[in-house]
1. Against the globular-protein guess of 2.2 N^0.38 Å, express the Cα radius of gyration of the stretch A:288-363 as a ratio, rounded to two decimals.
2. Let me have the relative contact order for chain A, percent, based on Cα pairs under 8 Å that are six or more residues apart.
3. Over all directions, what mean area does the Cα convex hull of the protein assembly as shown project, stated in square nanometres?
4. Bin all alpha-carbon pair distances of the stretch A:129-197 at 10 Å intervals from 0 and give each bin's fraction as a whole percent.
5. How are the C-alpha pair distances of chain A spread across 10 Å bins, as whole percents from the shortest bin up?
6. Any chance you could run the full-extension gain for residue A:309 through residue A:56? It's 0.36 nm times the residue separation minus the Cα-Cα distance, nm to one decimal.
7. Placing a label point 7 Å from Cα toward Cβ, how far apart in nm is residue B:79 from its equivalents in the other copies, listed shortest first to one decimal?
8. Take the Cα radius of gyration of the stretch A:21-91 and divide it by 2.2 N^0.38 Å, with N its residue count; two decimals is plenty.
Number of protein chains: 2
Amino acid sequence: MTTELPGNGGFGDPAFLPNTQQGIRRRNLSLVLQAITAHGPLSRAAVASRIGLTRAAVSTLVDELIRADLLIELGPERPGTVGRPGSALTVGERGPVGIGAEIGVDHLAVCAVDLHGKVRARASLESDNRGRPPEPVLKELARLVREVTTASRSAGLRPAGLAVAVPGLVARDSHTVVRAPNLGWSELDLGPYLLDGLPLSVDNEANLGALAELWIGGDPAPQDFVHVSAEIGIGAAVVVGGRLLRGTHGFAGELGHMPVRPEGPACPCGGRGCLEQYAGEEAVLRAAGLPYGEGGIGLLAARAENGDAQVRRALRAAGSALGIALSGAVNLLDPQTVVLGGALSRLAPWLLPSLERELARRTADPARPKGGTVTVSRLGSEGPLLGAAHSVVRAVLDDPASVAGAQR
Amino acid sequence: MTTELPGNGGFGDPAFLPNTQQGIRRRNLSLVLQAITAHGPLSRAAVASRIGLTRAAVSTLVDELIRADLLIELGPERPGTVGRPGSALTVGERGPVGIGAEIGVDHLAVCAVDLHGKVRARASLESDNRGRPPEPVLKELARLVREVTTASRSAGLRPAGLAVAVPGLVARDSHTVVRAPNLGWSELDLGPYLLDGLPLSVDNEANLGALAELWIGGDPAPQDFVHVSAEIGIGAAVVVGGRLLRGTHGFAGELGHMPVRPEGPACPCGGRGCLEQYAGEEAVLRAAGLPYGEGGIGLLAARAENGDAQVRRALRAAGSALGIALSGAVNLLDPQTVVLGGALSRLAPWLLPSLERELARRTADPARPKGGTVTVSRLGSEGPLLGAAHSVVRAVLDDPASVAGAQR
DNA sequence: CTATTTCGTCATGCCGATTGACAAATTAGT
DNA sequence: ACTAATTTGTCAATCGGCATGACGAAATAG
């Protein structure tokens, strides 16, 4: 009983399967399941034509998935066309769920998400975790996890893994938080607290927020985008071709230190005029004339909603700076869209106009019809939690055989 | 009958093969061939353990590849260890070659590269192609191509495809040059001139230069890097996980319009203070006190080599600007390395110090041990040509069955 | 009511990888 | 020198898994 999810390290990487016959089988199981989760209820014939296999082959694959409680048969489709109607297949109500957990600076949250992508159970707790020692926090989180898993189990669901979103840097393919400045944690292995039988994975919350956007963010979900959030500093996550770009050392997405004005104020990073000096939480609060302390972003949003002119001015300036920095990213990556997520989505109404103006101006290449569009995440601050739970679901979709073997 | 996996076609993207038995076979042929080209001569057993198949399976695959003239048997390996020595396999001397062609502003070049990566034939022609009508240029190029293909054929080699590097924007999966400002071409289909039996592909020269770096640029070749060249404007190509990032509209890599000083001089792109205003060919020549005309970069290099102080100063300033822009890219992407390629490699001695200083200063995050390193391409201005030829070779490596079927 | 179309399943066959055994070729040990 | 051990490459037999083609079932079209 290994503690890692089957086949590989991080949740993001699809398992490497050798080109052997069993490998083919596993990949085909995954293709069938993914086609059905992605494109609603489908008949066997529809799946077959979609993934390029024959109906007979799909039939055996579907049988296997049904036996594993991953699919259920809805019965005959409503016939709109000639021919015998197919039998609609969809993912079952009772089957595996992914457990997602989030350690925020002022709250803990856990949820269970099924293969449909629906939240089936959740629990959360307000608690100021800044500078608090890790032990009690993690014990509380473990309690919430148990709450959600038992609730799931009694609803006939089978937790398939636990993924934790952390506001900090996480060592690749490990359970270790390297550094979480807002919590004051460093070099902390979460395994001992959270490993109770479930495969565990830990990842940065900005990354998971971006993945949530990729998996459930839109219809259709964008496959190439830059996701900007502002949980710790200003984090961006880059998704290319439906895959999260993590970088060689795992540091990709440091939008906060993009140069905005090369001779601007010095930044602790060693550079000058980094974006964080203009659009970072501290800088914006100072420009808005507000104290730097807890709940800064919420305070900004509240004041802006009330029409505070100085706050709105500060947000406009921050939007401009963001636009300048993002224009660099857009010119370099040519993404489908830029997504404002996390806490930024609340501030979007005041950031967007200046941001979009600056971005449009600087990406209007004569050859490029139009610069990237900017969208605001529907998920808001729920992104990281949902992304965590979904990362477990994706692992199941990527290799259904693994959970099918685990059960009966 | 449509498959939903990402459609493709260009040489760069490995062909999508369905998870059917023939698909497996083709993938396994590719795995065997790639293992052998990548890791020197190998025995069947070594290949088997490397790609996760059994020796028996590899034997049949190797037989097929030998019959197709893609592999040859070198005979028994020198035994350094216990056990029967294996029989070394390597790619054959006579087999398929990729034909690469380059349309530069002042020259045409064609070469043939075998599966080893060795150049087996080449031809080139100096000619000032700026503003020249396409017909005569392409007729000359076609002549060079015929020269190289006949030379290859008489050496027992089999041309497997033609790839053309063009200094301009190319429509995806087509033979059409959308816009090549330095040549004065636009909306031009190269197919009619160059299609004489060989599969044809056309791509941007900066992209092909970056791919050359990926495929033959180093030992080991980096898999995640930003490749900067300066053929048209300042082009960067981003390679992530061994794949070229092309962007949603094919515009990725526009480093030239990264903001360096947001209030700087206006740029034709509509922005202000873009990198091109500081490190573009025209700007550098002006700062160096040289006329803007043909051979600008060569002139700069010659003067700098002779110790011209004003030129060197101009290059130092350009290096700083490049460093600022690249620090943004490095912060965002966390690449293994930044590669200076194309004509920039000649200027590297004078660009590098200021570039590296600026880059190091702005990427020294407390958490990041060190910023990205900067390297200079070994390939220099040969990159695009070699990359073009190699793109054909890669297509063969990615699907050996395609050429194996073609011959017999 | 019949012809047509499409769906799901079944028996059969084939392709290709695995298994297990074997001879061959080398090293290590006595 | 001789044996034991190890590794390679190949062969025959087997098995897993998809394709093929035919069939009954369930709908529509006329």
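Bear in mind that the values in this text are calculations on the coordinates, not laboratory data. Given the structure is predicted, the values throughout are model-derived calculations rather than measurements. Heads up, the Cβs are rebuilt from the backbone with ideal geometry, glycines too, and the neighbour counts pull from every protein chain shown.
1. It is 1.15.
2. 18
3. Result: a mean projected hull area of 38.0 nm².
4. Reading the bins upward from 0: 19, 48, 25, 8.
5. Histogramming chain A at 10 Å steps yields 5, 21, 29, 24, 14, 6, 1, 0 percent.
6. Length gained between residue A:309 and residue A:56: 84.4 nm.
7. 7.2
8. Ratio of Rg to 2.2 N^0.38 Å for the stretch A:21-91: 1.05.
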